[in-house]
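Since the structure comes first, as structure tokens, the remarks are kept for the end.
Throughout, read-outs are computed from the coordinates displayed, never taken from laboratory work. Please read all numbers here as calculations on a predicted model, not as lab measurements.
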């Protein structure tokens with residue numbers, strides 16, 4: 001299983017940030033090709049500015065499908081805007097994890 005960790009600082013209005021996160025997650029869960037094959041989590045650090053995004057997927061095909069969707073392109077642009085430029089992102093292989101979410 002592959003994954004990505006994205007981090008950035010954001011101190012702007014929470015309403016548009018939360019709306020963008022919700023819309024992206026809803027779009028993922030509504031896409032029959034990737035639902036259950038791509039998971040996404042977003043967190044706000046204790047400092048209230050540092051944001052973390054974790055994506056995980058089962059195959060290159062799942063990722064390619066996601067990245068070809070208009071909702072992904074919109075979301076990627078929103079994240080760049082929230083981050084004030086390109087956020088820090090690093091891909092990784094999932095070595096081990098607990099069961100469940």
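Can you give me the orientation-averaged projected area of the convex hull built on the Cα atoms of the chain, in nm²? Could the numbers behind the result be given before it?
Working: hull surface 26.6 nm².
With the hull built on Cα positions only, its mean projection is 6.7 nm².
For the chain, the longest principal axis of the C-alpha atoms and the axis of helix 70-83 are separated by about 40°. Taking the Cα centre of each part, how many Å lie between region 64-101 and region 1-63? Each part reduced to its Cα centre gives a spacing of 6 Å. Between 31, 47, 23, the GNM of the chain built on Cα springs shorter than 10 angstrom shows 47 fluctuating the most.
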